[in-house]
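Reading through the structure tokens given below for one structure.
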Amino acid sequence: MNLLLDKTRTLPGRIGLTVLAVVAALAVAEISSPFLAQQWALWIIFGQLALSLTFVWGYGGIFSFGQAALFGIGLYSYGAASINISPITGETYSSLLIAGLVAGLFALILGYFIFGIITLAVTLVLLTFMSSTGSPDYHIGSALLGGYNGMSGIPPLGSLASPLNAGYLLIFVVALAAIIVFILDLLLRRPIGRALVAVRENELRSQLLGYDVRRARLNAFVIGGVIAGLAGGEYAAWGQFANPAVFSLQQAALVIIWALVGGRRSLFGAFIGTIVIQEIQNVMGGIGGELTPLVLGGILILVVLLAPEGIMAAVYAFLQRIGLRVGRRPIASRPTVATDVEEHRPNSAGELLATDVTKSFGGVHAVKTVTAEFHPMTTTALLGPNGAGKSTFFSLLVGRHQVTSGKILLNGRDITRLPPHRRAQLGLGIKTQVPSVYNEMTVRENVWLAAYAKKRNVAESDAVTESVLKDFGITERQEALVGDLAHGQRQWLEIAMVVAGHPEVVLLDEPTAGMTRDETSRTVDLVKQLAHGATVVVVEHDMDFVRQLDSDVVMLHQGEVFRRGTIEELRHDEQVLDIYLGRAVTNASDT
Amino acid sequence: MDMSQAAAIVLSVVNSIALLVIISVGLAVIFGMMGLINLATGEFLMLGAYMTVTFYRLGMGFWVAAILGSLSVGLFGIIIERCLIRFLYGRLAAMMLATWGLSLIMIQVVTLIFGTSTQSLPTPLGSFKIGGYSFSDYSVVVDVAALAMLGLVYVVFTKTRYGTMARAATLDATMASVIGIDVRRVNMLTFGFGAALSGLGGALLSALAGVVPTFGQQYVGNAFMTVISGGAAVLTGTASASVLLGGVQGLVSNASTAFFGSISLLLVAIVLLRFMPNGISGKWGRRF
């Protein structure tokens, strides 16, 4: 059984599943009544709409309230296109394509500006607009929008001479849904999919590694838009009408309930969720239609309270308990036995210059006119008491905060206004003060995503991962979930991830916090080694650590550069000691 | 343009700003102080309107009915917080969905009790004229009420013991509980206060529009856009977003039709959120 399950994860396995779904639909269409075939076709169409949300939510991390609106756009697009075009072309498949494209385009434009809750407001405005287009003035070509009553006379799917009957329509929608799932599956193995997963799991870390968070989200939203639009087109062909009810809050809620019940962890779950809810609605419709919203509202609340991951998650948990390998898809490739360990050390060290960098929060100057030069192949330690502005300075360098004034140059290029992921791509790597890693993933996957952010090539990323794991001595732990690691081990992993991205300038913010003595001394060795091929800047409180590094020291105090020199010089500086020991300070600016 | 026309335009723009304030300030309190997007906001407005109609029909004056309507929605909010919301703190999406479920249920329950027919109240007070333009006195009451609601929020959160504790809980819930603030109780009261404000908004609207079970849905979109555009700062954020969005909406409505007014509101909100994803007050650093 497990062997069979593993087989379905390979490409031919997926193709096999897709074909299987279509054959099953064929069989159902053959044996069932036209009425049943029609009902199932509708459910699969709705399932595809739910799938669009599951994808956008599960992989884009966007809780979109606008899928129903995109579905509605597809619905009206198919209507308008088919009424206008089909007399010329004699078929309506092209109109379905148009429905998908228009919805995708709409998602692109909308997604450029916003996601989230405002999509609900957009949906409501569309409802108002579409309901008020009753006058014959509102038309697209010869298709009347029809206001509250909607657009009628929409041709069914197929050629005009012989449209698809109920059975063939069912086969068509199942085939399309299966192909979409298949394509999504392929996409998730491509760079675009891996970036999506990275962004979903940890937005900050992904940005700092060089993944474009906004772009990844937009990609997911547009793909979801096309899927919802195609479903909308199919729905128009199915019912041969289009009305504004698709833009109602209740419809929007329904899509979310389908996807929620299915769960966001499984693309397939969207169809299960839809069928379960539609079946319940069928039964309720028999008892008393007016109770339906009550039941839907109740289901929504109960699922949120009791099964927030959806029923597919519960099913998976059960299957895993009885020993089947189902569920989460591994992000990185499986470890291979013999890989040529390539030389992964960065071989071009960068130069990072900060000039008069200032950051104010309201009236507080967290960083004040700091000028610092970090030259290739050097190590600099950044010292200073708590609140001196060290971490804020790092945040400015990597772009988590924007400078109030000043300039930052990387290898002569002005990066002052670049977003974090661009800076990362240009060779800036950071280990943040609080470790930011992918807690829900394995050690190996973490390192792999870091390597992949730079390489964008599976084979090369595999090789880099292999050698980084080995160099950091974490090969035995590679299958451990990162969330289960000790604090010091996560720190160590995060450094490994930074290294896997081959940065030219490495910023380490308190790398040894929470580390054992042994780990700390390994970190010293590592930093020294790193400095052979990169520029290293370290924030540390551990004086022993800084002394062992034997590097230049820049000391910040109250947001300003207070001293520069070697650690020995600073150790004998009375004012420095005053600040560190909290003694009365003779500095005028200190009150 | 003569003086009376200008005055008329100013008055109607002020009106659209005031309307945004009264529909969104309850949502803003809950969003800003608790980080919760209450998707049942529209239904809290609707409930406030129905309660006002009910109290009015029981023979109370409109103003008394409106106050009682508002208070009963506040009480309802406290019950909802105890029975539903408190299980979901820290789960933003879950809270949105649960309140959405609540909104579906509320619409249906109200439909079952009151039916779908429109309940309406006579608009209280008379009207006045500026030049050739006629305005109801009540629209001025709504303007004043909007200001009063903002003032109430200010006073409650800055001048009362509860308000100080609520702001502390917003800034750092853990720290607040460590120094002895009962955060759960504060949250309950905040949700109730926000609900009461929404209820008051609904009560005020009940004299302007026909009250039907889907009453809230006409306003909820605008309320969301205002609050999200305003950002987390309850008072300054909501006020500035209302002025901006309501101002644009009022001006465009005057120049063309009400429909284009709401479209312009949507477009301004969308563009604004592209460049200020955390709303107008997102970078102010002050959460009030």
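Selection of the stretch B:89-108 for residues being more than 7 Å from every other protein chain (Cβ to nearest Cβ) and either out of contact with any Asp or Glu (no Cβ under 7 Å at 6 or more places or on another chain) or not polar (S, T, N, Q) (or both) yields B:TYR89, B:GLY90, B:ARG91, B:LEU92, B:MET95, B:MET96, B:THR99, B:MET106.
Just a yes or no: is a residue in the stretch B:127-147 away from chain A (no Cβ under 14 Å), polar (S, T, N, Q) and in contact (Cβ under 8 Å) with a residue 12 or more places away in the chain?
Checking the stretch B:127-147: at least one residue is away from chain A (no Cβ under 14 Å), polar (S, T, N, Q) and in contact (Cβ under 8 Å) with a residue 12 or more places away in the chain.
All of (1) in a helix (DSSP H, G or I); (2) open to solvent by 20 Å² or more (accessible area, probe 1.4 Å); (3) not charged (D, E, K, R) hold for B:VAL25 with one exception: (2).
Look through B:SER281, B:SER242 and report the one residue that is assigned to a helix (DSSP H, G or I), more than 10 Å from chain A (Cβ to nearest Cβ), of a type in the set (Ser, Thr, Tyr) and touching a Lys or Arg at 6+ places or on another chain (Cβ under 9 Å).
Working: B:SER242 fails: touching a Lys or Arg at 6+ places or on another chain (Cβ under 9 Å).
Checking each option against the conditions leaves just B:SER281.
Taking the stretch B:246-270 as the search range and keeping residues that are in contact (Cβ under 8 Å) with a residue 40 or more places away in the chain and more than 11 Å from chain A (Cβ to nearest Cβ), which one is farthest from A:TYR112 (Cα to Cα)? Going through the qualifying residues, I end up with B:ASN254.
Of all positions in the stretch B:67-80, at least one carries a residue that is small (Gly, Ala, Ser), within 16 Å of B:VAL211 (Cα to Cα) and touching a helix residue (DSSP H, G or I) at 6+ places or on another chain (Cβ under 7 Å). Would you mind stating whether B:LEU273 is farther than 21 Å from B:THR158 by Cβ, touching a residue at least 40 places away in the same chain (Cβ under 8 Å), more than 11 Å from every other protein chain (Cβ to nearest Cβ) and open to solvent by less than 30 Å² (accessible area, probe 1.4 Å)? Spelling it out, it is not the case that B:LEU273 is farther than 21 Å from B:THR158 by Cβ, touching a residue at least 40 places away in the same chain (Cβ under 8 Å), more than 11 Å from every other protein chain (Cβ to nearest Cβ) and open to solvent by less than 30 Å² (accessible area, probe 1.4 Å).
Assess whether A:TYR112 counts as being within 27 Å of B:MET276 (Cα to Cα) and not aliphatic (A, V, I, L, M).
Yes, satisfied.
Could you look through the stretch A:238-271, keep only residues that are away from every other protein chain (no Cβ under 13 Å), aromatic (Phe, Trp, Tyr) and in a helix (DSSP H, G or I), and pick out the one that is farthest from A:GLY158 (Cα to Cα)? Out of the qualifying residues, it is A:PHE271. With in a loop (DSSP other than H, G, I, E, B) and at pLDDT 80 or above as the only criterion, which of A:PRO346, A:PRO335, A:PRO330, A:PRO376 stands out? Just one listed residue meets the conditions, A:PRO376. Residue count for the stretch A:105-139 satisfying the condition of being acidic (Asp, Glu) and buried (at least 18 other Cβ atoms within 10 Å of the Cβ): 0.
Residues of the stretch A:120-136 include none that is within 14 Å of chain B (Cβ to nearest Cβ), part of a loop (DSSP other than H, G, I, E, B), in contact (Cβ under 8 Å) with a residue 24 or more places away in the chain and closer than 18 Å to A:ALA252 by Cα.
One line per residue, one yes/no per condition, for (1) over 23 Å from A:MET515 (Cβ atoms); (2) in contact with a His (Cβ under 6 Å, 6 or more places away or on another chain); (3) in the same structural domain as A:ARG200 (by TED's automatic domain parsing); (4) buried (at least 24 other Cβ atoms within 10 Å of the Cβ):
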| site | (1), (2), (3), (4) |
| --- | --- |
| A:VAL434 | no, no, no, no |
| A:VAL437 | no, no, no, yes |
| A:LYS455 | yes, no, no, no |
| A:THR475 | no, no, no, no |
| A:GLY501 | no, no, no, yes |
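The values are calculated or read from the model by the stated rules, or taken from the named source; none is laboratory data. These numbers come from a predicted model, not from an experiment. Neighbour counts run over all protein chains shown; Cβ positions are idealised from the backbone, glycine included. These area figures cover heavy atoms from the full protein model, side chains too; ligands, DNA and RNA do not enter into them. Shrake-Rupley method; radii C 1.70, N 1.55, O 1.52, S 1.80 Å.
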